[in-house]
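Notes follow once the structure below has been shown.
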Amino acid sequence: MASPYPHIACCLDQSEACGRALAEARRLRAFGAGRLSLVHVLESPIPGTVLPEALAALTETPEGSLRWLGELAAAGDYEYPVVLDQQFPPKAVCEWAARVGPDLIVAAAVRKPGQRLLHGAFAGYLAYHTPCAVLLVR
């Protein structure tokens, strides 16, 4: 049977909610052949919100994120890690989706209150700005 979504992208961070989103993306991917992109956006603290001496400890590195996504990827060779770098994570995902053209983006519909206040709701932004279907997982 052909998959209704040949290319699924799953947006991930290290939260429990994103684990549920990944499980759903993998479940959908199992309906047929295709690709699953594991997408993570490097998040740097907003300038002026942390002391300069603490900044290095809070800033993610591309290498560390790729290693984490690589470990997360299933044994199958259809999962591909994608690390993006931008100040506003949902915009980075939308721009990536416009370039690459996934058929579906799966994301968790939960953010920490502070992130929601400073950045806006990640899931809400995706729902209104991506060029493809979006599935939000609670």
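The values are calculated or read from the model by the stated rules, or taken from the named source; none is laboratory data. Values in this document were obtained by computation on a predicted structure and should not be read as measured data. Every residue, glycine among them, receives a Cβ derived from its backbone with ideal geometry; neighbour counts consider all protein chains shown. When the accessible area is computed, the model is the full protein with side chains, heavy atoms only, and any ligands, DNA or RNA have been set aside. Shrake-Rupley method; radii C 1.70, N 1.55, O 1.52, S 1.80 Å.
Details
- Sorted largest first by accessible area at a 1.4 angstrom probe radius, with every protein chain in place, the residues ARG29, ARG67 fall in the order ARG67, ARG29.
- Net charge of neighbours whose Cβ lies under 14 Å from the Cβ of GLY101, counting Lys and Arg as +1 and Asp and Glu as -1: 0
- Exposure rank, largest accessible area first [LEU126, LEU136; 1.4 Å]: LEU136, LEU126
- Which of PHE122, PHE31 is most accessible, then next, and so on - probe 1.4 Å: PHE31, PHE122
- Subtracting the Cα-Cα distance of PHE88 and HIS129 from their residue separation scaled by 0.36 nm leaves 13.4 nm.
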